[in-house]
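Every number here is computed from the coordinates shown, using simple stated rules; none is lab data. Owing to the predicted nature of the structure, the values given are computational and were not obtained by experimental measurement. Virtual Cβ from ideal backbone geometry, glycine too; neighbours counted across all protein chains shown.
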């Protein structure tokens, strides 16, 4: 399969890119990442209303033009139309895989990869517990080596804290952040060791200021956003992980380490999020973050590698 190649089509949002690129890496074909742009009126309309012939464009100097790839991995609503049109223009040769619920019948694609909490069914659907991602044993080993000297002298255990932010269904206000940070400070005091904290772009300046102030007297390192993100290094060296509940991707990445993962519940939520968190808790993978220290383990699972292997098998069968 070395002569084959793939395209990754997304709208450029970090969560979409991580999932689609993670799957492309797991498939193992050389790939080019393309950020799609769609002109009016198509960008306003659901993909089911797009007529044949509408391809869209790629942002910047990139193009969507032949030679067409053997595989397209798409993620995000605006990437669906271009992916389907590429398959049409390739005479059906391009194998298209969509990640996340496309809100179209699965027969519109060669394969659809969705998390079980989406409750999306079809003959060519590949179901996962959580989100696809780029956390692999190889990447964690490399990050562990890269950050070994920087973290070697810190008191253990090391508790990595992944902080998300408000979204369509969850609230993270300064008041909520103050409660979370107070619980983190108590957790560090009772458990000892060091907190390694990585806020996200969604955390927001006001929330981050509350977080830093509340942890000022604690043994904590809060990434300030400068330089390279220590995310993988913090995951690799963590003895345990605390994550806010607002991101399926973030929690899925934490669980890919095989380490104890505590999930801090935020106000709000939805049925889909509740199904996701209930599944992981019922399977003994995560536990709610209450500030109480506990120890547990669970069987390691690498869903992204499994899905990548399945897509590879389907491409080989088609060949």
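Sorted by average packing, counted as other Cβ atoms within 10 angstrom per residue and highest first, what order do 79-91, 178-190 take?
Packing order, densest peptide first, comes out as 79-91, 178-190.
Of 103, 98, 237, 277, how do they rank once you tally other Cβ atoms within 10 Å and put the fewest first?
Least crowded to most crowded, the residues run 103, 277, 237, 98.
Does the chain come out rounded, prolate or oblate, given a ≥ b ≥ c as the square roots of the eigenvalues of its C-alpha gyration tensor, rounded meaning a/c under 1.5 and, failing that, prolate meaning a/b above b/c?
prolate
Counting only DSSP beta bridges with both residues in the chain, tell me the antiparallel percent, nearest 5.
Here the antiparallel bridges make up roughly 5 percent for the chain.
Rounding to the nearest 10 and keeping the result within 0 to 90°, find how far the Cα-based axis of helix 205-214 lies from the longest principal axis of the chain.
30
What nm value, rounded to one decimal, do you get for the distance between residue 216 and residue 271 when each label is placed 7 Å out toward the C-beta?
4.6
Over the chain, what is the relative contact order in whole percent, taking alpha-carbon pairs under 8 Å and six or more residues apart?
With pairs under 8 Å counted, the relative contact order is 17 percent.
With contacts defined as alpha carbon pairs under 8 Å and 6 or more residues apart, what's the relative contact order of region 137-288 in percent?
For region 137-288, the relative contact order is 29 percent.
Could you state the number of Å between the C-alpha centres of region 200-270 and region 290-319?
22
Rounded if a/c is under 1.5, else prolate if a/b is larger than b/c, else oblate: which is region 269-319, with a ≥ b ≥ c the root eigenvalues of its Cα gyration tensor?
oblate
Per residue of the chain, what 222 nm ellipticity follows from adding -39500 (n - 2.57) for every DSSP H run with n ≥ 4, rounded to the nearest 500?
The helix contribution divided over the chain gives -10500 deg cm²/dmol.
Between 0 and 90 degrees, rounded to the nearest ten: what's the tilt of helix 14-27 against the longest Cα principal axis of the chain?
Approximately 70 degrees, to the nearest ten.
Which percent, nearest 5, of DSSP beta bridges in region 137-288 are antiparallel?
Close to 5 percent.
What is region 137-288 by shape, rounded, prolate or oblate, if you read a ≥ b ≥ c off the alpha carbon gyration tensor as root eigenvalues and call it rounded for a/c under 1.5, prolate for a/b larger than b/c, and oblate otherwise?
It is oblate, given that a/c is not under 1.5 and a/b is not larger than b/c.
Where does helix 80-89 land angle-wise versus the long Cα axis of the chain, in degrees 0 to 90, nearest 10?
For helix 80-89, the angle is close to 30 degrees.
Students often check this: by mean Cβ neighbours within 10 Å, which of 47-57, 132-142 ranks highest, and how do the rest follow?
Averaged packing, sorted descending, gives the order 132-142, 47-57.
Just grab the label-to-label distance for residue 4 and residue 281, each label 7 Å out from Cα along the Cβ direction, in nm (one decimal).
Distance between the two pseudo-spin positions: 4.1 nm.
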